[in-house]
Amino acid sequence: VIDVEPDIIAKSMRIGLYNDYIVQGKGSIISNSVGKKYIDVLSGAAVAVLGYGSNEIAKEYYDSSMKMQHTCFPYSINPIPISLARKLVEITPGDFEKSVIFGLTGSDSIDGAIKCARKFSGKSGIISFNDSYHGSTGFAFHATDWNKLKCGLGAGVDFHHVRFPDISKSKEEKRRIVEDIKHIISSFEIAGFIIEPIQGDSGIRVIDGETLRWIREICTQKNIVMIVDEIQSGIGRTGMWWGFEHFRVIPDIIVCGKGLAGGYAPISAIIGKRDILESLDKAQHVFTFSGHPPSCAAALKVIEIIERDELIIKNKQKGDYFIEEIKKIDSKSIKTVRGIGLMIGVEVYYKDKPVGSLIGLKCREKGVYMGYFGKNNEVLRIEPPFIITRQEIDYVVKAIKESIKEIESNKVGLDEIEFAEKNCVGLGD
Ligand SMILES: Cc1ncc(COP(=O)(O)O)c(C=O)c1O
């Protein structure tokens, strides 16, 4: 049992799903401070792509640290980040010269991608979508359309937001979104367009392929850098290395992070057209820890394991199975089941009230640790480690089904309802 009060950590950093102390993990099972075990379908926010406690990855990190833990790559180069950059270029489509810029977390690499777009194009406007989440640092924060978070922090200049053309939108709605985009492009000097191919934190919303291909075309015509945010959807989660590959488009720049080193190291990367990335002057986007060798070694190992164990194709198969099994649950409380591969969202309402957090809480009692998100926490977040087994998927689906039934038959305590309502910020309106 851990007896430490979290108040020493500022509350801004404690969003809180269930206020559980998670202390250990092995494979796809995690456990809390009193030894309760859970099947993990959150992966520490889509990060622990290969689960927990991998000797192979930890050894790679350790060996690399013992050889040379840090050179400050921007000053003194080292072969390991170069090998990782080569590998990332190899797994990224696009028949053009590419290069790579390393960062530490998704947000800073989104900042870097925006810097590249501005420097390359000589313009400053950035378009992103409503309800998108691109990060918490400067430019990334302004590209994010999560107004609740921006309260009291000032406005971003030259950031424009348009409605997200997800596949549920009607033809007419998508046509109007296209008109809105045309209007912004003709009214402002636009440098870059930043897109999550599958919006993550808004509750797993898949973009319409046709609209995305139109965006690709307009970006080419108007010299706008097309940036795809693969921080949540990348590294094979959806059954392709990158989410955009489902839609037959090639962006100019992609940004990845989260699962790149499986959670063994904080690392992110910008991968893109060489001339765009090379438009930045020396030191315009560097950090002391950019290209940290042990982190890059861990990332190389993660990619090697994903390839060796053929996890990408398996992710698609497991994801299809997961989605089918959830769809079989006979309940009016499930409104939609969305996603591709192991990036799944389940929209849940009971009597018009969003019950994502309540179902999450109920599942946790049954030994399943899942997230919830969306505007009002109305979506169950299912982004498990890639190593999840069919048996574990069956267990998770059963837990969701039983949790929903308990809610529908009023077998929920008032304390649970109160807890579920108080915790965790939703996107908000
Ligand atoms: C799509 C997307 N972009 C950017 C970010 C920001 O990444 P990070 O929190 O690693 O800075 C996130 C994090 O949730 C994300 O999901």
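The values are calculated or read from the model by the stated rules, or taken from the named source; none is laboratory data. Here the structure is a predicted model, which is why all the values come from computation and not from measurement. Cβ coordinates were reconstructed from backbone atoms using ideal geometry, including for glycine residues, and neighbour counts include every protein chain displayed. Areas reflect the complete protein model, heavy atoms only, side chains present, ligands, DNA and RNA absent. Shrake-Rupley method; radii C 1.70, N 1.55, O 1.52, S 1.80 Å.
Here are a few things to note about the model shown:
- Stretched out straight at 0.36 nm per residue, the stretch from residue 150 to residue 9 would grow longer than its current Cα-Cα span by 48.7 nm.
- Heavy atoms of residue 18: accessible area, 1.4 Å probe, square angstrom to 10: 10
- Solvent-accessible surface (1.4 angstrom probe) belonging to residue 179, in square angstrom, nearest 10: 80
- Tail beyond 18 Å, pair distance distribution of the stretch 144-288 (Cα, percent): 63
- Kirkwood Rh and Cα Rg combined as Rg over Rh, evaluated for the stretch 281-417: 1.11
- Sites residue 335 and residue 170 - FRET efficiency at Förster radius 25 Å, r taken between beta-carbons, to 0.05: 0.90
- Per residue convex hull volume, Cα atoms of the stretch 386-429, in Å³: 130
- The stretch 109-184-the stretch 352-398 distance, computed between alpha-carbon centres (Å): 29
- Cα gyration tensor shape of the stretch 115-203, rounded if a/c is under 1.5, else prolate or oblate by comparing a/b with b/c: oblate
- Ranking by accessible area, most exposed first, for 416, 383 with a 1.4 Å probe: 416, 383
- For the chain, size of Cβ-based charge dipole, Lys and Arg +1, Asp and Glu -1, in debye: 340
- Rolling a 1.4 Å probe over the protein chains gives residue 180 an accessible area of about 60 Å².
- With the convex hull of the Cα atoms taken as the outline of the stretch 1-125, the averaged projected area works out to 12.3 nm².
- In this simple spin-label approximation, residue 310 and residue 282 carry label points 7 Å from Cα along the Cα→Cβ vector, and these lie 4.9 nm apart.
- The alpha-carbon atoms of the chain define a convex hull whose volume equals 148 cubic angstrom per residue.
- Residues residue 55 and residue 34, FRET efficiency given R0 of 25 Å [Cβ-Cβ distance, rounded to 0.05]: 0.40
- Largest to smallest accessible area among 402, 245 [probe 1.4 Å]: 402, 245
- Charge tally in the Cβ shell below 14 Å around residue 290, where Lys, Arg are +1 and Asp, Glu are -1, residue 290 excluded: 0
- For the stretch 200-223 and the stretch 76-99, distance of Cα centres in Å: 25
- Using a probe of 1.4 angstrom and keeping all protein chains present, the accessible surface of the chain works out to 44 square angstrom per residue.
- Carbon plus sulfur fraction of accessible area for the chain, probe 1.4 Å, in percent: 53
- Convex hull volume per residue for the stretch 352-429, taking Cα atoms only, in Å³: 92
- For residue 19 and residue 320, the difference between the fully extended length at 0.36 nm per residue and the C-alpha to C-alpha distance is 105.2 nm.
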